[in-house]
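Comments concern the structure below.
Since every read-out is calculated from the coordinates, none of them should be taken as a lab result. These figures come from a predicted structure and were not determined experimentally. For neighbour counting, all protein chains shown are included, and Cβ atoms are generated from backbone atoms with ideal geometry for every residue, glycine included.
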Amino acid sequence: MIEKLSLVGFGSAGWGWVFAQAGLMTLLVAFTAFGIGLIVGTLVAWARVSGSKPVQMAASAYVSVFRGVPDILVIYLFFFGGRQAVTFVGTVLGMQGPFEVSAFAAGALAVGLISSASQSEVLRGAYQAVPKGTIEAGVVVGMPPLTLFRRVIAPQALVTAIPGMGNQWQGTVKDSAVVSVTGLVETMRQVAIASGTTREYLLFAGVGAVIYLLITTFSDHIIRITERMVRYGEEVKVA
């Protein structure tokens, strides 16, 4: 038992440091993907509530595709399909290979676009939850669109959006595990490497589970604090 526990330590025979690095990579992938998802999701949500039917239909199709296709297939498309596309373009241009696609970039982009479909729905729902009367009042008093968004729409939508966006962040952390198929050494990939090397599958699966639980538990704590702060700010404004 002591010998097994030493495998997860930070000594010369332990895997502690490499798992710490893998955990940081998981966070980096998740942060990057969530940021991509937030930017794209905001644009898609804006398109969903726009007055243009073609734009709405295009945004709805985007959401349907990325919510309906399995995550791992999206990863394959961006990493392996992207490699083939880059190789084809390079060959046409007469460039010498080999041509590679960054596992981190492809994985973060794929997970980000997957996340953006769900984030767009959260943001759209938060926008639609803002009372129409407050928006109309801002228009009546002559607020410019950006001022109206900053002072009326955004503060009220934020209160509604935070719980849903918190869930999306937790989902993005877990979805980042599928990036392991690209060979990027994040937590899930490190679990496979350590388990295959030592044949201690249960032990290192447990280590991976602990890392994900630490990240999601700490994230949940931060989300709850943020939600209380925002709601307190709204209550103070109303008072």
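When peptides 101-110, 85-94 are ranked by their average number of other Cβ atoms within 10 Å per residue, the highest-first order is 101-110, 85-94.
Comparing 133, 68, 14, which has the greatest mean-square fluctuation in the GNM of the chain with Cα pairs linked when under 10 Å apart? Greatest mean-square fluctuation among the candidates belongs to 133. Evaluated with a Cβ-only charge set (Lys, Arg +1; Asp, Glu -1), the chain carries a dipole of roughly 500 debye about its Cα centre, given to the nearest 20. On the principal axes of its alpha-carbon atoms, the chain has extents of 71, 54, 27 Å, going from largest to smallest. Note on the chain: helix-only mean residue ellipticity at 222 nm, from DSSP H runs of 4+ residues weighted -39500 (n - 2.57) and normalised by residue number, equals -25500 deg cm²/dmol. Name the residue, out of 119, 96, 84, whose mean-square fluctuation peaks in a Gaussian network model built on the chain with Cα pairs under 10 Å. Per the Cα network of the chain with a 10 Å cutoff, 96 tops the list.
For residue 222 and residue 42, compute 0.36 nm times the residue count separating them, minus their Cα-Cα distance, and round to one decimal in nm.
62.6 nm
Computed from phi, the 3J(HN,Hα) profile of region 14-19 under the Karplus parametrisation 6.51, -1.76, 1.60 (θ = phi - 60°) reads x, 9, x, 5, 5, 6 Hz, with x in place of Gly and Pro. Note on the chain: dipole from Cβ charges, positive end direction compared against 162, 141, 58; the farthest Cα belongs to 141.
Rounded to the nearest 0.05, what FRET efficiency do residue 202 and residue 99 give with R0 = 41 Å and r taken as the Cβ-Cβ distance? Could you check? FRET efficiency, residue 202 to residue 99: 0.55. Each part gets one Cα centre, and for region 126-167 versus region 6-42 those centres are 35 Å apart. Largest GNM mean-square fluctuation among 120, 64, 180, using the chain with Cα springs under 10 Å: 64. Here the scattering of region 35-116 is modelled by Debye summation over its C-alpha atoms, one equal scatterer each and no solvent; at q = 0.12 Å⁻¹ the log10 of I(q)/I(0) is -0.46. Listed values for region 164-177 are Karplus-derived 3J(HN,Hα) couplings in whole Hz (6.51 cos²θ - 1.76 cosθ + 1.60, θ = phi - 60°), namely x, 5, x, 5, 5, 5, 4, x, 5, 4, 6, 5, 4, 5, and x replaces Gly and Pro.
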